[in-house]
Amino acid sequence: MVSFSDLKWVALPEREGMQYALLSGDPKTGAYTQIRKVPAGTDNPLHSHSSEITNVIISGTWYTGPNSSSARDFGPGSVITMPAGWVHVSGCRPGSECVFYQQGKGKFDFKPVATLVPTK
């Protein structure tokens, strides 16, 4: 058991401004659970993840969808499960930072769409 005020926050160097507090596992090697903070106004371009991820929104307004025009907003209490390999946009709407619980079924990665297109 851990209270929110006792979480140990770590900066996510590859994603400026984002932080996480690990609860179990290791997102660098396999399944994990964590709480994540994302600054208000953050936009993540088209990308995918190798493993299924479930987010439970605690605060702020998180958005996600197959593209910017069809992305939906999700507020506190919302549950979002993204299947492995799903190409999508995501981010935190302006106004207040987003905080969410995240469960990954495998190691965490962020694969921008540009790296998904084969080069000749």
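Readers should treat all values here as calculations from the given coordinates under stated rules, not as data from a laboratory. It should be emphasised that the depicted structure is a prediction, and the values quoted were computed from it without experimental measurement. Backbone-built Cβ (ideal geometry, glycine too); neighbour counts: all protein chains shown.
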*Inside the stretch 28-57, can you point out the residues that are of a type in the set (S, T, Y) and either within 25 Å of R93 (Cα to Cα) or surrounded by 15 or more Cβ atoms within 10 Å (Cβ to Cβ) (or both)?*
Y32, T33, T42, S48, S50, S51, T54
*Kindly indicate which of G75, G60 is touching a Cys at 6+ places or on another chain (Cβ under 7 Å), closer than 21 Å to M18 by Cα and of a type outside the set (V, I, T).*
G60
*Name the one entry in G65, G106, G60, G25 that is surrounded by 13 or more Cβ atoms within 10 Å (Cβ to Cβ), farther than 29 Å from V2 by Cα and among the small types (G, A, S).*
G65
*Residues of the stretch 87-102 being β-branched (V, I, T), farther than 11 Å from S59 by Cβ and part of a strand (DSSP E or B), which ones?*
V89
*Among the numbered criteria (1) without any contact (Cβ under 8 Å) to a residue 24 or more places away in the chain; (2) surrounded by 12 or more Cβ atoms within 10 Å (Cβ to Cβ); (3) in a strand (DSSP E or B), which single criterion is violated by P76?*
(3)
*Quick one: P76 ticks every box in (1) of a type outside the set (G, A, S); (2) more than 21 Å from G106 (Cβ to Cβ); (3) out of contact with any strand residue (DSSP E or B) (no Cβ under 8 Å at 6 or more places or on another chain) except a single one, so which number is it?*
(3)
*Restrict the check to the stretch 108-117 and report whether at least one residue is within 13 Å of the chain's Cα centre (by Cα) and assigned to a strand (DSSP E or B).*
yes
